[in-house]
1. Of the residues 121, 117, 110, which is in contact (Cβ under 8 Å) with a residue 40 or more places away in the chain and either surrounded by 15 or more Cβ atoms within 10 Å (Cβ to Cβ) or touching a strand residue (DSSP E or B) at 6+ places or on another chain (Cβ under 6 Å) (or both)?
2. Looking at 169, 89, can you tell me which residue is in contact (Cβ under 8 Å) with a residue 24 or more places away in the chain and more than 18 Å from residue 26 (Cβ to Cβ)?
3. Tell me, please, whether a residue that is in a helix (DSSP H, G or I), at pLDDT below 95 and surrounded by 15 or more Cβ atoms within 10 Å (Cβ to Cβ) can be found in region 126-142.
4. Among all residue pairs at least 6 apart or on different chains, which show Cβ distances below 6 Å where the first residue, located in region 39-53, is closer than 17 Å to residue 82 by Cα and the second is in a strand (DSSP E or B) and of a type in the set (S, T, N, Q)?
5. Restricting attention to region 61-75, report how many residues are open to solvent by less than 50 Å² (accessible area, probe 1.4 Å) and touching a residue at least 12 places away in the same chain (Cβ under 8 Å).
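The values are calculated or read from the model by the stated rules, or taken from the named source; none is laboratory data. Note that this is a predicted model, so its numbers are computed, not measured. All Cβ positions, glycine included, derive from the backbone under ideal geometry; neighbour counts span all protein chains shown. Areas reflect the complete protein model, heavy atoms only, side chains present, ligands, DNA and RNA absent. Shrake-Rupley method; radii C 1.70, N 1.55, O 1.52, S 1.80 Å.
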Amino acid sequence: MPEPEPAQCPFEKRFPSQLARDDSFYMSLAYNQAIDAWREDEVPIGAVIVIGGEVVGAAHNRVEGAADPTAHAEMLALTQAASRLGDWRIEGATVYVTKEPCPMCSGAMVMSRVKRVCYAVPDPKMGCLGGAANLNELARSNHRFEVTAGGVLEDECRELIQAFFRLKRADPDAG
């Protein structure tokens with residue numbers, strides 16, 4: 001059986017300047033991961049984890065391809081970062097993700113002791129860093145992190161996600 005054709009993504013990857021390694025730079029890397037997800041017919045969400053200016057984890061959704069409900073971009077990037085650091089504690093890390101993390105991913109970020117999460121698109125239905133709920137504010141939790149909610153490439157990331165689902169709804173044969 002031949003391999004399926006990669007999904008055509010009408011969006012181009014971003015090529016940010018290496019001179020300004022700021023939130024926009026790292027969110028651009030997460031955005032590029034989201035485009036890779038689309039090209040694999042996955043929901044286009046990407047995540048990048050940075051410690052001290054170095055990317056220690058980068059991934060995109062692989063739920064469909066891996067047939068794994070936990071294969072979210074954030075979970076895969078956290079696993080990469082922990083492996084690279086040799087420790088489940090990912091202290092000092094900033095997680096850049098193109099959409100507000102779900103309950104599973106938000107909880108994993110609390111558990112892994114990240115320093116900060118910066119997400120592009122708020123998710124009022126399933127987001128758990130201020131959207132539907134806020135796991136970062138659990139009263140008895142022993143760890144909290146900084147959150148930058150929306151604003152960093154928010155429009156670009158929203159359009160990418162919305163376009164993906166518009167095309168899925170328009171194609172009755174799509175997953």
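1. One residue alone meets the criteria, 121.
2. On inspection, the qualifying residue turns out to be 89.
3. yes
4. Pairs that qualify, where the first residue is closer than 17 Å to residue 82 by Cα and the partner is in a strand (DSSP E or B) and of a type in the set (S, T, N, Q), are 50/94.
5. 6
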